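S.K.: Could you have a look at this structure, given as structure tokens, before my questions?
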Amino acid sequence: MNKKFIVRLSDEERATCQDVIKKLKGSSEKVRRAQILLKVDADGPGWTDRRIAEAFHCRVRTIENLRKRRVTEGFEAALERKKRQEPSVPPKRDGAGEARLIAMRLGKPPAGYGHWTLQLLADCVCVTLVCDNLNTHSKGAFYEAFEPEVARAYLKRIHFCYTPKHGSWLNVAECEWSCLTSQCLP
């Protein structure tokens, strides 16, 4: 099969790959990429992509992608892990929120406390709202009551916790009132 991307490693690149493998420098992924680069080298052992994929327990497409990265982006890009453009999890705080948190931490703790603890900071920054499963308890209610910017600011600080449908204290109270009402009223 004709290869679109032919990898030819220089002596220095080959030595770098062998050094990574020998000394186990870097992550296990980096070591595996170094091993694969040595196998895909046109001046190397001449293994097929399928054989390399079987030997290193990966897909043929992984080998093809590594070949492509080596040819188009260079040796270092192929050997190192590809950096994400954006973090996998967006940051929970923006700069202004971090500044408020730091200012709060540097200020005096609440009355009755000698110093700030992580739990105190969390309680001041985020509020947990425990609701029963009634359909009126939603984030949308904030947007009905406040301007969108204000509602969004409040919702950033509130964590909603819903009680189970059949275990809510409100359900228990309603059942109790229903029994009392049916027994007391004719």
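Every number here is computed from the coordinates shown, using simple stated rules; none is lab data. Worth saying up front: this structure is predicted, and the values here are computed from it rather than measured.
S.K.: Tell me which residues come under 5 Å, amide H to amide H, from Phe160 once H is placed; ignore anything under 5 positions away on its chain.
M.R.: Sorted by chain and number, the residues that satisfy this are Leu129.
S.K.: Follow-up. Quick one: give the max-minus-min coordinate of the C-alpha atoms of segment 1-142 along each principal axis, largest first, in Å.
M.R.: Principal axes ranked by extent give 73, 41, 24 Å for the Cα atoms.
S.K.: List, in the order given, every pair from Lys39/Lys68; Lys30/Lys92; Lys22/Lys83; Lys22/Lys68 whose Cα-Cα distance in the structure shown is over 19 Å.
M.R.: Numbers: Lys39/Lys68 15 Å; Lys30/Lys92 31 Å; Lys22/Lys83 25 Å; Lys22/Lys68 25 Å.
Going by Cα-Cα distance, Lys30/Lys92; Lys22/Lys83; Lys22/Lys68 fall outside the 19 Å limit.
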